[in-house]
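Data first, discussion second: the structure below is written as structure tokens.
The values are calculated or read from the model by the stated rules, or taken from the named source; none is laboratory data. On a predicted model such as this, the values are computed, not experimentally measured, just so you know. Counting neighbours? That spans all protein chains shown, and the Cβs are built from the backbone with ideal geometry, glycine included. For accessibility, only protein heavy atoms count, side chains too; no ligands or nucleic acids. Shrake-Rupley method; radii C 1.70, N 1.55, O 1.52, S 1.80 Å.
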Amino acid sequence: YDFLQARRSAIRALTQRYPGDVFIQRAYIGDMSNSYPPDRLKVIAVYRALHDQRPDDSSISYLYGTALLGRDTPQAIKLFTAALGKAPNFPWPHLQFVSIYSAPNFLDKAKAISHAKSFLSACPSALEGYASLGGLGDKDFIHDAASQLRQIIQTRTDPGALGAYSTLWQLEFAAHPPSEYDGLRKQIAVDVAHLRALNLENVR
């Protein structure tokens, strides 16, 4: 509990210090929406007001849409579409579309794959872009993405990269037939040996 409170306070302080940083604002939305009790309505009101003030700002449209996800997803879709229309090179709405079109209520695998490809083309090193690919069903795309992810993380030891090994293994299994699973298990054993050799047992 103390850790969560400290994290929340730190995020709020950062939103005041860097009000234009999309990543900090997104972390704030996630933290407030997942708090107990959730402050979703407060968050939505904040970003609705910002959107009313700056309707042509693609980052604000993206953040307002993110705040609405799960509560008014159709409106979030409109906001993400508008954000891409205003700034085609702004990649983050693509990632939200992958999540939306992978969900049962809005399932559209073709759209999810298209947005996933657009996001990874723009941000190949963004590890979160790989997290939802395993269920998309496009084995060739998943195979290429897994190969790319392995190249990205195999020389890194930061927490994000180490945590991405579980995503990597899921993608590799999704991209190969069962007849090749034994080879994948041997590769995982090599990966696990590498991770254990880093001696991070006492590192949170």
Please turn the phi angles of segment 44-57 into ³J(HN,Hα) values with the Karplus equation 6.51 cos²θ - 1.76 cosθ + 1.60 (θ = phi - 60°), one per residue in order, whole Hz, x for glycine and proline. 4, 4, 4, 7, 5, 5, 5, 5, 5, 6, 9, x, 9, 8
Kindly report the accessible area of segment 75-204 per residue (heavy atoms of protein chains, probe 1.4 Å, no ligands, DNA or RNA), in Å². 55 Å²
Could you work out, for segment 98-169, what percent of all Cα-Cα pairs fall into each 10 Å distance bin, beginning at 0 Å and stopping at the bin that holds the largest distance? 20, 53, 23, 3
Positive end of the charge dipole of segment 69-204 (Lys, Arg +1 and Asp, Glu -1 on Cβ, about the Cα centre): tell me which of L84, T155, L171 has its Cα farthest that way. L84
Considering only protein heavy atoms and a probe of 1.4 Å, how much of the accessible area of segment 29-185 is carbon and sulfur, as a whole percent? 52 percent
Report the far tail of the P(r) of the chain, meaning the percent of Cα-Cα pairs longer than 24 Å. 51 percent
The size of the Cβ-based charge dipole (Lys, Arg +1; Asp, Glu -1) of segment 5-97 about the Cα centre, to the nearest 20 debye, is 220 debye
Segments 128-137, 191-200 sorted - mean Cβ within 10 Å per residue, highest first: 128-137, 191-200
Between helix 109-122 and the chain, what is the angle of the helix's C-alpha long axis to the longest principal axis, kept within 0 to 90° and rounded to the nearest 10? 90 degrees
Dipole magnitude of the chain, debye to nearest 20 (Cβ charges: Lys/Arg +1, Asp/Glu -1, about Cα centre): 420 debye
Lysines near K117 by alpha-carbon distance under 30 Å, same-chain residues fewer than 8 away left out - which ones? K78, K86, K109, K139, K186
Between segment 148-185 and segment 19-60, what's the alpha-carbon centroid distance in Å? 33 Å
note: segment 1-115, Cα-Cα separations exceeding 25 Å make up a percent value of 23 percent
Hydrodynamic radius of segment 105-147 per Kirkwood, over alpha carbon pairs, in Å: 10.6 Å
So, relative contact order of segment 14-102 in percent, Cα under 8 Å, 6 or more apart, is 20 percent
